[in-house]
Amino acid sequence: MKIGFTRSDFPAGFLFGAATAAYQIEGTSFGNCGPSHWDSFAATPGNVVGGDDGAVACEHYLRFAEDLDLLSTNDFDAYRFSVSWPRIMPEGRGAVNVQGLDFYDRLVDAMLERGLKPYLTLYHWDLPSALADVGGWRNRDVASWFADFARVVMQRVGDRIAATATLNEPWCIAWLSHFLGIHAPGLRDIRAAARAMHHVLLAHGTALEAMRADGHRNLGIVLNLQYAEPGAVGDAHAKAALLEDGIFNRWFLDGLFHGTYPDDVLAGLEPHLPTGWEKDMATISRPMDWLGINYYTRRRVLNDPNALWPHQADAPPVLPVTDMGWEVYPDGLYSFLIRVHRDFSKGLPIFVTENGMANADVMENGSVWDPQRIEFLNLHFDAVRRAIRDGVPVGGYFVWSLLDNYEWALGYSKRFGMVYVDYETQKRTPKASFNALAAAIRRSR
Ligand code: FCB
């Protein structure tokens, strides 16, 4: 099975990249990294499959040169990575761990030496424990703590970064982690959730302003957008899908691009928002230079009148699913690219900052045959091509992920990598999908 396109099927300058995140690959036991709320969440029985944590992960802290070589020798253009807040500031504020900053300095230089464009994400979920102790995302002060951290990072590496995202996936930071309780800090509390939903965006805007004032350019954010579809016919289910779109997508898109929150979501959350939230909307909606979209799947939503707000249930999948149980639905990506460009970002460059699938990959005779992933990439790259043809300025696509890695609450049980990682030996083996994509994007020599 082959990839059904070549580099020349995309506009000149389109970036083919791969994405990772610090906690999922680096190994927090190396280099004096401080503790994060993911360490204590993972140490709590029942939260993470197998009780797995990020102490060792893919040992990327030690093996980053080998990992970047995989990309550069195969003609990838860009690498999306995140910095670990507790590695840089073990207490979240104040003292800097010199080893941490030095590591990212070397990492960025290593990308540039290999001709890879660095796409930096400042926060991909590893909140320092010291900040979690004082309320984390529930505490309004998180906005200034985050802005201070952003300035420290950018002062060191900002001169060599292609583009910077403040936060990865505010929906996950706020809703998944404070309302659904699935990610750290594992809260299920509507007041905590409402505050986190607001403070993530305030932190984004505050950091954006601080970085701009320091002269940094090419600043944006990475949103995960999930297509919401009614799981059955009928008005109630249609409304349920609309509300889900509000919580997952419009809250963030409206906030960032229109300076407002959607009424249907406010109906549930407003009583729990901090007073005076309206005054923050100007900061939240400061102009950005680019937008990242992470896209994986759709959700089929049902109205459940017996459930508390937002009165939801899930309809079972009807399309083929990945190893996460997520439906493969590339039209959702096409539809978001069109909609976001038309209704929100209006001409800003958009990057697909994550897309990919978990697959039950097995190593056989030294190789991994994952035609499902090749097919998945074909379908989703095709959706991107259609959107570009229809006028959406998509500047690049980053596969999630370069390596198999720590899949949060699912530990090491799910394999999203284009490169297989044997966690016993840390040996990396490019899967068939990696080789197929590399062949498709090879530059003529
Ligand atoms: C996204 C996360 C990323 C990874 C993928 C599968 O929500 O940004 O870290 O876990 O999902």
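Is it the case that some residue within the stretch 349-370 is aromatic (Phe, Trp, Tyr), out of contact with any Pro (no Cβ under 6 Å at 6 or more places or on another chain) and under 22 Å from HIS124 (Cα atoms)?
Checking the stretch 349-370: at least one residue is aromatic (Phe, Trp, Tyr), out of contact with any Pro (no Cβ under 6 Å at 6 or more places or on another chain) and under 22 Å from HIS124 (Cα atoms).
Considering each of GLY215, GLY255, GLY246, GLY234 in turn, give the residue that is under 21 Å from ARG140 (Cα atoms) and over 18 Å from the mean Cα position of the chain (by Cα).
GLY255
Starting from residues that are of a type in the set (A, V, I, L, M) and within 16 Å of the ligand (Cβ to nearest atom), keep the ones in the stretch 292-327 and report whichever is nearest to ALA232 (Cα to Cα).
VAL321
Go through the stretch 9-24 and count every residue that is near the ligand (Cβ under 9 Å from one of its atoms) and of a type outside the set (Ser, Thr, Tyr).
3
Just the residues that are of a type in the set (Lys, Arg) and open to solvent by 60 Å² or more (accessible area, probe 1.4 Å), please, taken from the stretch 411-445.
If the condition is that a residue be of a type in the set (Lys, Arg) and open to solvent by 60 Å² or more (accessible area, probe 1.4 Å), then LYS427, ARG442, ARG443, ARG445 are the ones that fit.
Of the residues GLY115, GLY46, which is without any contact (Cβ under 8 Å) to a residue 24 or more places away in the chain and at positive phi?
GLY46
Would you confirm whether or not the stretch 386-400 contains a residue that is within 16 Å of the ligand (Cβ to nearest atom), touching a residue at least 60 places away in the same chain (Cβ under 8 Å), under 30 Å from GLY186 (Cα atoms) and in contact with a Lys or Arg (Cβ under 7 Å, 6 or more places away or on another chain)?
Taking every residue of the stretch 386-400 in turn, at least one turns out to be within 16 Å of the ligand (Cβ to nearest atom), touching a residue at least 60 places away in the same chain (Cβ under 8 Å), under 30 Å from GLY186 (Cα atoms) and in contact with a Lys or Arg (Cβ under 7 Å, 6 or more places away or on another chain).
Among (1) in contact (Cβ under 8 Å) with a residue 24 or more places away in the chain; (2) within 16 Å of the ligand (Cβ to nearest atom); (3) not polar (S, T, N, Q), there is one condition GLY136 misses while meeting the rest; what is its number?
Failing condition for GLY136: (2).
Inspect all residues belonging to the stretch 319-332 and state whether any of them is without any contact (Cβ under 8 Å) to a residue 12 or more places away in the chain and either within 17 Å of PHE381 (Cα to Cα) or among the small types (Gly, Ala, Ser) (or both).
yes
Only one of HIS178, HIS216 is under 30 Å from PRO330 (Cα atoms) and touching a residue at least 40 places away in the same chain (Cβ under 8 Å); which?
Unique residue meeting the criteria: HIS178.
When you scan the stretch 1-114 for helices (runs of 4 or more DSSP H) that lie fully inside it, which ones turn up with 1 or more residues that are surrounded by fewer than 20 Cβ atoms within 10 Å (Cβ to Cβ)?
Qualifying helices (runs of 4 or more DSSP H): 37-42, 60-72, 98-113.
Out of the stretch 254-290, which residues are of a type in the set (Asp, Glu) and in contact with a Ser or Thr (Cβ under 7 Å, 6 or more places away or on another chain)?
Across the stretch 254-290, the qualifying residue is only ASP254.
The values are calculated or read from the model by the stated rules, or taken from the named source; none is laboratory data. Since this is a predicted model, take the numbers as computed values, not measurements. Don't worry about glycine lacking a Cβ; one is built from the backbone with ideal geometry, like all the others, and counts go over all protein chains shown. Accessible surface is based on the protein model in full, side chains and every heavy atom, while ligands, DNA and RNA are left aside. Shrake-Rupley method; radii C 1.70, N 1.55, O 1.52, S 1.80 Å.
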